[in-house]
Amino acid sequence: MSSAAGQLYFNPIVNSEQLEAMFRGLAENVVVGIYVFEPRIDSFIYVNNTLAKMFGYKRQEMLSGLSLFDLVAINDVDQVRDKITRVLSGDLPQLHYERKARCKNGEYIDIEVFGARMVLERCTAVVGVVLDITRRRKAEDAVQLTSLVYQHSSEAMVVTDANGVIITVNPAFTDTTGYVLDDVIGRRLDSLSSERYDQEFYRQVWASMAKSGQWQGEVKSRRKNGKEHTERLTLNTSYNDDGSVRCCVALFCDISRQKKSEAQLWRQIHFDLLTDLPNRKLFQETLEAKMLRALESDSGLAVLYMDLDDFKAVNDALGHAYGDEALKLVAARLKGCVRQSDIVGRLGGDEFCVIIDGATTEEQTDRICKKITRALAEPCVLGGGAVSVTCSIGVAFYPVDALRTDDLLNNASMAMNAAKQLGCNQYSYFTPGIREEAHLRHMLMRDLSNARGQRQFRLYYQPIVDMQSGRMLKAEALLRWLHPEHGLISPDDFLPFAEDSGLIISIGDWVFNEAARQVAQWRTLYVPDFRVSVNVSPAQFQAPSLRPTDWLASLQRLGLPGESVVIEITEKLIMNAAASVGEKLLQFRDAGVQVAVDDFGTGYSSLTYLKKFDIDYIKIDRSFVNNLATNLDDRAVCEAIIMMAHKLGMKVVAEGVETAEQCKLLVEMGCDLGQGYLFSRPLTSERFTELLRGPLATPERVQTH
């Protein structure tokens, strides 16, 4: 029997019962969903069990008034209704669509629906098939997503066959290497690598692939333009269901910039930016490695620890820019004094260190130390002038002096401190005695913080005598520390610690107040115009916590005029005086407090500074007075200082006067005041009081105490 498009017809020899039996037999045994939907009553009139399970219903539930449109996503209802209407009217030959369908539990699945018009005895219905395509759709989406990732990934990707022959590449591969697919298709993947790899390398790569199906590492590859670059390569194998290799996927990531950045960062962390020498971190790591190699080879090495002598003066005089240039020059000279196998490092500031490989005796290191001290002492031309930079060197040997890196460096540092005590441009070797001295200094520094509270400080006083009249006009207050275990300690042994720790501020305040209290007593009882000189260190004077107003207030409380106290400062302080230092000096001057410059002639004083701060006294350093009778140069220096000071309206105090001949020469030169053992040693306040009660010391009538 012929049929019209979209309409089902059956052979009339088949009755309706047979037809129904045939349809049900077919519908109940297929794995797809079968439905008959009657639009007129908006209900299913038949569904097979497969369809009911597909949507999570029981069959009877679907046949009890459930509409086809109850299964359609709400946004798709109008489109589906339109398609069914057109199929029933004959405008569409058949029904076909893919949509989301809503299950009984509210979840959605992907379905593909087929349908056609079917004429029944009482109505015209739609009969069709429903396929659950959720898995297929997910697979298609995954394939599409994979394709998008492959095409748009920033990482270069290559697909090869089981033999490593290139099948396809993604655009990122072309961007990275410059090769297009036609350039590389049919070539082996390893043909793109750098020539630096041998066959053994590739054998190991493919052996790893055969064993585990993957390999990862950093390799050097060559771009189409011939330039080499570093890339991170990841190889993975894709297998067929039977276990055979389907293909291999290679992912390339160009890490050239990353490697360059890492190298730059590593250098910044391990090298000194100014001198390009290994910094403390790298130097210590290198020293540790060299010590290990020396241990394995039963040899040794030496560490030279260097500190530039008074380098702060260079920075202060020339500025930090020229100071940096000097440090770079020092670094270059140090490298020129040692072998290539030796290591020169900058530990920070003006501290340098050298590792001398294989050096185990002082004879071996003597030559190098002398070479370094000579090289560094050569004048540096900076800022239009020549500056000499010297250093102090401490030497320690491995394994004799220490077995650990930190201990070896500490021992060399202690030896360097010992060299500094010898003077400029010296070197010294570590000995156990140096450690004991350092330990003692450490103990003293610890005890120093409690010394003031436990009233262990003492002030001694040394007379300052008028060279012409013989009158004792002043005294210099000299600080001593009466330690409960070590006895009387000179300020040279503890003041550096006080300055480094900041204790110098509170100690200096105590010295000033105690000296002021004492001079107030002496002026009241013995000499109304007596004065006392108080030393103020640069660290103390430059500290913000030193306020002249506080000291002047102390004088006022004691009823003392400013002229009763003389502030002694160093020559270097006025040369490097910051604005705050100048303000303090002027405050003292305005209050009548006089100022003396100590150790004059040992530095580089400028007459401009002496006039600017209205200095009252210049003290000739004892190093010029010592040889006054025998050294014509020292005599000429003293005469020049005295003449210059008088021209500027200042008085001169000669320190270290010990003999009558020195005294006589100074009187002939016109020196104003003298101080030294010729007149008196430093005395306790009690003994100095006795001195004030008795006859005054004169150059002709020397008193010894």
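The values are calculated or read from the model by the stated rules, or taken from the named source; none is laboratory data. Predicted model only: the values in this text are computed from it and were never measured. Cβ coordinates were reconstructed from backbone atoms using ideal geometry, including for glycine residues, and neighbour counts include every protein chain displayed. What goes into the accessible areas is simple: the full protein's heavy atoms, side chains included, and nothing from ligands, DNA or RNA. Shrake-Rupley method; radii C 1.70, N 1.55, O 1.52, S 1.80 Å.
Listing for the model above:
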quantity	calculated
So His486, is it closer than 30 Å to Cys353 by Cα and open to solvent by 70 Å² or more (accessible area, probe 1.4 Å)	no
Per-region count, the stretch 644-660, residues over 13 Å from Gly674 (Cα atoms) and either in contact (Cβ under 8 Å) with a residue 24 or more places away in the chain or in contact with a helix residue (DSSP H, G or I) (Cβ under 6 Å, 6 or more places away or on another chain) (or both)	5
Selected residue (only one of Pro682, Pro695 is open to solvent by 10 Å² or more (accessible area, probe 1.4 Å) and modelled with pLDDT under 90)	Pro695
Residues located in the stretch 348-366, provided they are within 29 Å of the chain's Cα centre (by Cα) and loosely packed, with under 13 Cβ neighbours inside 10 Å	Gly348, Gly349
Only one of Phe352, Phe397 that is more than 29 Å from Ile269 (Cβ to Cβ) and modelled with pLDDT of 90 or more	Phe397
Of all residues in the stretch 245-269 being surrounded by fewer than 11 Cβ atoms within 10 Å (Cβ to Cβ) and at pLDDT below 80, the one that is farthest from Val184 (Cα to Cα)	Ala263
Residue in the stretch 506-527 that is part of a strand (DSSP E or B) and open to solvent by 40 Å² or more (accessible area, probe 1.4 Å) present	no
Residue in the stretch 650-670 that is touching a His at 6+ places or on another chain (Cβ under 8 Å), among the small types (Gly, Ala, Ser) and at positive phi present	yes
The stretch 545-570 - residue that is assigned to a helix (DSSP H, G or I) and under 25 Å from Asp599 (Cβ atoms) and, of those, modelled with the lowest pLDDT	Pro548
Members of the stretch 661-686 found to be of a type in the set (Lys, Arg) and part of a loop (DSSP other than H, G, I, E, B), listed by number	Arg681
Residues satisfying the stated conditions in the stretch 550-576, i.e. under 30 Å from Val314 (Cα atoms) and either of a type outside the set (D, E, K, R) or open to solvent by 60 Å² or more (accessible area, probe 1.4 Å) (or both)	Val566, Ile567, Ile569, Thr570, Lys572, Leu573, Ile574, Met575, Asn576
Residue check for Arg480: outside any helix (DSSP H, G or I), within 43 Å of the chain's Cα centre (by Cα) and touching a residue at least 12 places away in the same chain (Cβ under 8 Å)	yes
Of all residues in the stretch 138-176 being modelled with pLDDT of 80 or more and in a helix (DSSP H, G or I), the one that is nearest to the chain's Cα centre (by Cα)	Phe173
Output for the stretch 400-443, where each listed residue is of a type in the set (A, V, I, L, M, F, W, C), in a helix (DSSP H, G or I) and open to solvent by 30 Å² or more (accessible area, probe 1.4 Å)	Met414, Leu440, Met443
Extreme residue, nearest to Ser533 (Cα to Cα), among residues of the stretch 450-472 that are of a type in the set (A, V, I, L, M, F, W, C) and either in a strand (DSSP E or B) or modelled with pLDDT of 90 or more (or both)	Ile464
Criterion violated by Glu658 - all others in (1) in a helix (DSSP H, G or I); (2) in contact with a Phe, Trp or Tyr (Cβ under 6 Å, 6 or more places away or on another chain); (3) of a type in the set (Asp, Glu) satisfied	(1)
Hits in the stretch 577-628 - residues which are of a type in the set (A, V, I, L, M, F, W, C) and modelled with pLDDT under 85	Ala577, Ala578, Ala579, Val581, Phe600, Leu607, Leu610, Phe613
Subset of the stretch 608-636 (residues that are within 50 Å of the chain's Cα centre (by Cα) and in a helix (DSSP H, G or I))	Thr608, Tyr609, Leu610, Lys611, Lys612, Arg622, Ser623, Phe624
Selected residue [at pLDDT below 85 and crowded, with 16+ Cβ neighbours inside 10 Å] from Gly6, Gly25, Gly33, Gly65	Gly6
Filtered residues of the stretch 386-399 (kept if touching a residue at least 40 places away in the same chain (Cβ under 8 Å), more than 20 Å from Val344 (Cβ to Cβ) and part of a strand (DSSP E or B))	Val387
Residue within the stretch 489-504 that is small (Gly, Ala, Ser), in a helix (DSSP H, G or I) and in contact (Cβ under 8 Å) with a residue 24 or more places away in the chain present	yes
Top-ranked residue of the stretch 222-244 - restricted to ones that are touching a residue at least 40 places away in the same chain (Cβ under 8 Å) and surrounded by fewer than 16 Cβ atoms within 10 Å (Cβ to Cβ), ranked as nearest to the chain's Cα centre (by Cα)	Arg223
Yes/no for Arg333 being in a loop (DSSP other than H, G, I, E, B), open to solvent by 50 Å² or more (accessible area, probe 1.4 Å) and over 25 Å from Leu573 (Cβ atoms)	no
Filter pass, Asp316 being in contact (Cβ under 8 Å) with a residue 12 or more places away in the chain, outside any strand (DSSP E or B) and more than 19 Å from Leu403 (Cβ to Cβ)	yes
Residue match in the stretch 288-309 (condition: outside any helix (DSSP H, G or I), surrounded by 13 or more Cβ atoms within 10 Å (Cβ to Cβ) and modelled with pLDDT under 90)	yes
Residue among Ala477, Ala498 that alone is open to solvent by less than 70 Å² (accessible area, probe 1.4 Å), small (Gly, Ala, Ser) and at pLDDT below 85	Ala498
Check on Arg547, closer than 19 Å to Val581 by Cβ and open to solvent by 50 Å² or more (accessible area, probe 1.4 Å)	yes
Single unsatisfied condition, Gln542 versus (1) modelled with pLDDT under 95; (2) open to solvent by less than 60 Å² (accessible area, probe 1.4 Å)	(2)
